[in-house]
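Shown next, in structure tokens, is the structure this report addresses.
The values are calculated or read from the model by the stated rules, or taken from the named source; none is laboratory data. Not measured: the values here are computed from a predicted model. Cβ sites come from the backbone with ideal geometry, for glycine too, and all protein chains shown count toward neighbours.
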């Protein structure tokens, strides 16, 4: 009966924290879907300060404003976006709204997840979680922004060079544009977490640093497979643009894992080896 009560208490705690996460994300999503930001300039102490206030607008909302701001930056000049399906524009706004809610609400999601897991972690695992929490969040943000503002525009320019070479009209469906842009940018955010993942496994004693160096060929294949899976096109160019940085980050993670192990040694044997013994 005691075990059942503990299980029920864990489930109830997970439900409570999940509800808090959903409420925060839903509030952010509702704001960007049903409001727009009206820019104004405030005169404060002789200085003109840019400012914006929210105004109800379910059609011309924050997601539509973000869309219009990103299109000229991401796509080459002359490319025309088409609303191919009847509801493509609605789905595009929903996808942008979900992404904004996830990005803005990520600190709260991480806080709730850490608070739920912390009581079950050992002392060294708690220290590791505090150590890698900030770098992991920073790396995800850097990867996502690099994917959105650097590699995604570059990819579009490369792909539309082939379109121009074949004499085709440079048009793109809005749904394809949003899906490609969001998945590609999020993929870079996930890829930039790789060094933290390798470092954490070595520091916990799960995988020795030498294993990362020995299995670099598998990392190359894994990078290519990941790039093939997450990119929504079949050109091969986008796959390489993800696979190459991913392998570079793998090398960087292996370096920091080896450096930590060289300084501190492996405090406990890898769990797989311990289980086998």
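Residue count for segment 209-232 under the criterion of being out of contact with any helix residue (DSSP H, G or I) (no Cβ under 7 Å at 6 or more places or on another chain) and either without any contact (Cβ under 8 Å) to a residue 24 or more places away in the chain or surrounded by 15 or more Cβ atoms within 10 Å (Cβ to Cβ) (or both): the result is 9. Residues of segment 114-130 that are surrounded by 14 or more Cβ atoms within 10 Å (Cβ to Cβ) and either outside any helix (DSSP H, G or I) or touching a residue at least 24 places away in the same chain (Cβ under 8 Å) (or both): 116, 125, 128.
Scanning segment 60-75 for residues that are surrounded by fewer than 16 Cβ atoms within 10 Å (Cβ to Cβ) and either modelled with pLDDT under 90 or part of a helix (DSSP H, G or I) (or both) returns 68, 69, 71, 72, 73. The residues of segment 160-187 that are assigned to a helix (DSSP H, G or I), more than 26 Å from residue 244 (Cβ to Cβ) and either out of contact with any strand residue (DSSP E or B) (no Cβ under 8 Å at 6 or more places or on another chain) or modelled with pLDDT under 90 (or both) amount to a single one, 175. Report yes if residue 104 is surrounded by fewer than 18 Cβ atoms within 10 Å (Cβ to Cβ) and touching a residue at least 12 places away in the same chain (Cβ under 8 Å), otherwise no. Criteria met by residue 104. Any chance segment 263-274 includes a residue that's over 22 Å from the mean Cα position of the chain (by Cα) and at pLDDT 75 or above? Among the residues of segment 263-274, at least one is over 22 Å from the mean Cα position of the chain (by Cα) and at pLDDT 75 or above, which makes the answer yes. Taken together, 151, 241 contain a single residue that is closer than 17 Å to residue 71 by Cα, touching a residue at least 60 places away in the same chain (Cβ under 8 Å) and assigned to a helix (DSSP H, G or I), which is 151. Checked against (1) surrounded by 12 or more Cβ atoms within 10 Å (Cβ to Cβ); (2) free of Cβ contacts under 8 Å to residues at least 12 places away in the same chain; (3) over 26 Å from residue 137 (Cα atoms), residue 89 passes all but a single condition, namely (2). Taking residues in segment 32-57 that are surrounded by fewer than 10 Cβ atoms within 10 Å (Cβ to Cβ), and partners anywhere that are not in a strand (DSSP E or B), the pairs with Cβ atoms closer than 7 Å and at least 6 places apart or on different chains are 56/34.
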